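Below: the structure, in structure tokens.
The values are calculated or read from the model by the stated rules, or taken from the named source; none is laboratory data. Predicted model only: the values in this text are computed from it and were never measured. All Cβ positions, even for glycine, are placed from backbone atoms using ideal geometry, and neighbour counts span all protein chains on display.
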Amino acid sequence: MFSDSKALIKTTIRRETTDIPAVYSMSNSKGPWRIYDVKIGGVSLVRNYRVQFSKALRKKSPDDLIEMIKKKIEKQKQKKASKISMKAIFNLVRLMATQSFKQLL
């Protein structure tokens, strides 16, 4: 589907044993083209979040939901920083091992 302001871009994620359909819903109603939803294997990212947020809002306030999202973002940032740190340590150890091996030669 394609119009002046909306488009559906259909693609396939190729895996070793299977192909997964992916559809990007795009709009340019407020300037440049932007993706506003992604469906992977028929599951909409927007719908998934809407269901999760609705469940949370039945039990808690919007402020509580926002705080929960902020905490999740911070946790992801820490996780990413930890991965980067582990990668840096691994590279340093590998470099040191290489240098030590060269000195033995």
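Within segment 14-31, restricting attention to residues that are charged (D, E, K, R) and under 22 Å from the mean Cα position of the chain (by Cα), the residue that is farthest from Ser3 (Cα to Cα) is Glu16.
Restricting Ile20, Ile13, Ile35, Ile9 to those that are without any contact (Cβ under 8 Å) to a residue 12 or more places away in the chain, assigned to a strand (DSSP E or B) and not small (Gly, Ala, Ser) reduces the list to Ile35.
Taking segment 23-32 as the range and being of a type outside the set (Ser, Thr, Tyr) and assigned to a strand (DSSP E or B) as the test, the residues that pass are Val23, Met26. In summary, Lys80 fulfils each of the numbered conditions (1) at pLDDT below 90; (2) among the basic types (Lys, Arg); (3) farther than 26 Å from Tyr24 by Cβ with the single exception of condition (3). Please work out if Ala56 is more than 17 Å from the chain's Cα centre (by Cα) and surrounded by 13 or more Cβ atoms within 10 Å (Cβ to Cβ). Yes.
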